[in-house]
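Student: Structure in structure tokens, see below.
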């Protein structure tokens with residue numbers, strides 16, 4: 001591909017958005033209590049997690065995800081419409097559906113699948129938008 005365009009600042013912003021969107025999605029104002037229940041977790045168990053390690057690893061993995069999508073959207077003709085569409089298709093058509101398949105074999109509830117799968121679709125759609133608009 002001759003005209004590959006990757007805005008590294010946009011990719012890093014998208015990795016940060018993983019933490020921001022996840023923080024909102026799994027917060028008490030949205031799905032925190034349902035998420036705890038569906039995972040058989042207690043607030044005490046969550047409080048014992050090494051958050052610095054968890055968020056650091058999460059950021060690194062999100063950065064890899066964002067660079068991966070940025071390479072798929074690297075064509076110079078990519079715009080926000082295609083970025084958003086591709087983000088949605090990757091989030092729903094690949095990531096959320098494989099997550100759902102795995103969760104079904106783990107005998108997880110549909111509520112669990114919709115909470116986590118919904119986050120995946122929203123996040124991928126958002127990063128597709130950002131990568132598409134911030135060329």
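Student: Please work out which one of (1) surrounded by 19 or more Cβ atoms within 10 Å (Cβ to Cβ); (2) under 19 Å from residue 35 (Cβ atoms) is the condition residue 51 fails and give its number.
Tutor: (1)
Student: Go through the range 1-39 and report how many residues are at pLDDT 95 or above, within 16 Å of residue 68 (Cβ to Cβ) and surrounded by fewer than 13 Cβ atoms within 10 Å (Cβ to Cβ).
Tutor: 1
Student: Something else: Do we have residue 20 as in a loop (DSSP other than H, G, I, E, B) and free of Cβ contacts under 8 Å to residues at least 12 places away in the same chain here?
Tutor: Considered against the rule, which asks whether it is in a loop (DSSP other than H, G, I, E, B) and free of Cβ contacts under 8 Å to residues at least 12 places away in the same chain, residue 20 comes out as no.
Student: Another one. Select from the range 91-102 the residues that are exposed (fewer than 14 other Cβ atoms within 10 Å of the Cβ) and under 27 Å from residue 3 (Cα atoms) and list them in ascending order.
Tutor: 93, 94
Student: Hey, any hits in the range 51-59 for a residue that's over 16 Å from residue 122 (Cα atoms) and outside any helix (DSSP H, G or I)?
Tutor: Checking the range 51-59: not a single residue is over 16 Å from residue 122 (Cα atoms) and outside any helix (DSSP H, G or I).
Student: Looking at the range 78-96, is at least one residue over 23 Å from residue 133 (Cα atoms) and at pLDDT 95 or above?
Tutor: Yes: one or more hits.
Student: Could you give me the residue pairs with C-beta distances under 7 Å whose first residue belongs to the range 87-111 and is within 18 Å of residue 31 (Cβ to Cβ), whose second residue is surrounded by fewer than 16 Cβ atoms within 10 Å (Cβ to Cβ) wherever it lies, and which are 6+ apart or on separate chains?
Tutor: Correct list of pairs: 111/34.
Student: Has the range 69-90 got any residue that is in contact with a strand residue (DSSP E or B) (Cβ under 6 Å, 6 or more places away or on another chain) and either within 29 Å of residue 4 (Cβ to Cβ) or not in a helix (DSSP H, G or I) (or both)?
Tutor: Yes, some residue in the range 69-90 is in contact with a strand residue (DSSP E or B) (Cβ under 6 Å, 6 or more places away or on another chain) and either within 29 Å of residue 4 (Cβ to Cβ) or not in a helix (DSSP H, G or I) (or both).
The values are calculated or read from the model by the stated rules, or taken from the named source; none is laboratory data. Because the structure is a prediction, the values reported are computed rather than measured. Cβ atoms come from the backbone with ideal geometry, glycine included; neighbour counts cover every protein chain shown.
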